[in-house]
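Since the structure comes first, as C-alpha cells, the remarks are kept for the end.
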Amino acid sequence: MHAGYDTASAFKFASLHSDDVNAINMMYQGAGEGSMEQLTNDLERAGTYTPGTYTPKTPFPRECHNKTDAALNIGGKVYLISGPFVWRLTGPNTNYVVDDGFPKRVTDVFAQATGTVQAMFSSADSKKVFVLHDTSISIYKFNSRFGFIIAAGGKEVSDVLAAGGNSVTKPIKAAFTLDEKSYLITKDMQYYEITWKKSTPLTVTLHQQNAVSALLGRAPGVEMFNAAMTYSREFMKEGKAAVTEVYNFGKRIVFTEKVLSNDPRSADKLHFQEIPEMFRLAGWCPAANV
C-alpha cells in the first residue's frame, strides 16, 4: 500500500492513491464496470445485506472499556471479560500483567460463547467451567495446557444448573466458587448456592431475604458484583496460612471480600483497589461510579 495515507482516509475507496489503483487493476483485470452502490443494491435484493447492520470485527478493542462483565481465576491465570474481549493475566495478587497475545475475542478462547457473557465460574474440582450468556449456558472442560474445550453449548441454564427439584432460573450477574460451593449472584441481589459432586451439581438453593448482605456481612452497593472471582492470599508472616477471599468488581473498584465470615469486614475496613492499577489493562477508562 502506498505510504502516506492519513488515518481518516486510508480505507476509503474514493481516496486510493494511483499506485494502489494500478495494483488493483493488475490483479483484477477487466472493463472496470460496476460500482460499490450497484454491489450493495444486488446484495439487498438477494436478501444477504441490510444497510447499517454490519459492524466490522476488529482484532483488538478500540472502544472505551469501563465494566468487567465476568471474571475467573483458574489454572494460575485470571480471565477478565469486557464486552466481546477477554484478557488473560498472570502475576501475584494485586500485580497482574496481561499475557502476550491478549486481549482476544471471547470466542477465540471460549468457543461458541455467543451473545453477552454475564458470568463464569468453575465446578468445585475445577474440571469444568460454566459460562452464562444472555439466555443460555456453555460448558467447557478445563485443561491447563489446552485451555477451555467446549463440552456443550447453547444449553438452558435451568437444565444444566439443577438438582433435587431446584434449578437456577433468575438472571445472574456474577458468580464464583469457594470452599467446594458455587455462589451465583442474581440481578436482584439474591444468590444461588450450589454444592457439587465432582463436576455435577448436587444441590441448588436460592437465598432470598437480604441474601447478599448476609453473604458479605454488609449491604452491597448497586454497582457491585458486576463480576466476581476467588483468589488465594498468602502472608509473609511465617506460620500464617493462606486464605481464600473474593474479588467483587464494581465499575472501577475491586473490593476484597470475606464471604460468610464470622468477622466480616466493616465498611471502614474494606480493602479495595482501582481496576487498572490492579490488572494493568490498557484502554480502561474511568467510570463515574464504583
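What follows is calculated from the coordinates using simple rules that are stated; it is not laboratory data. A quick note: this is a predicted structure, and the numbers were derived from the prediction, not measured. Cβ atoms come from the backbone with ideal geometry, glycine included; neighbour counts cover every protein chain shown.
The table for this structure:
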read-out	value
Peptides ranked, highest mean first, by Cβ atoms within 10 Å: ranges 137-145, 149-157	137-145, 149-157
Under-5 Å amide H pairs with THR116, H placed in peptide plane, nonlocal only	ASP134
Cross-link pairs beyond the 18 Å C-alpha cut-off, checked among LYS141/LYS170; LYS104/LYS173; LYS141/LYS251; LYS77/LYS128; LYS67/LYS181	LYS141/LYS170; LYS104/LYS173; LYS141/LYS251; LYS67/LYS181
Summed residue charge, Cβ within 14 Å of THR195's Cβ, Lys/Arg positive, Asp/Glu negative	-1
Estimated inter-spin distance, ALA152 and ASP108, nm [label 7 Å along Cα→Cβ]	3.0 nm
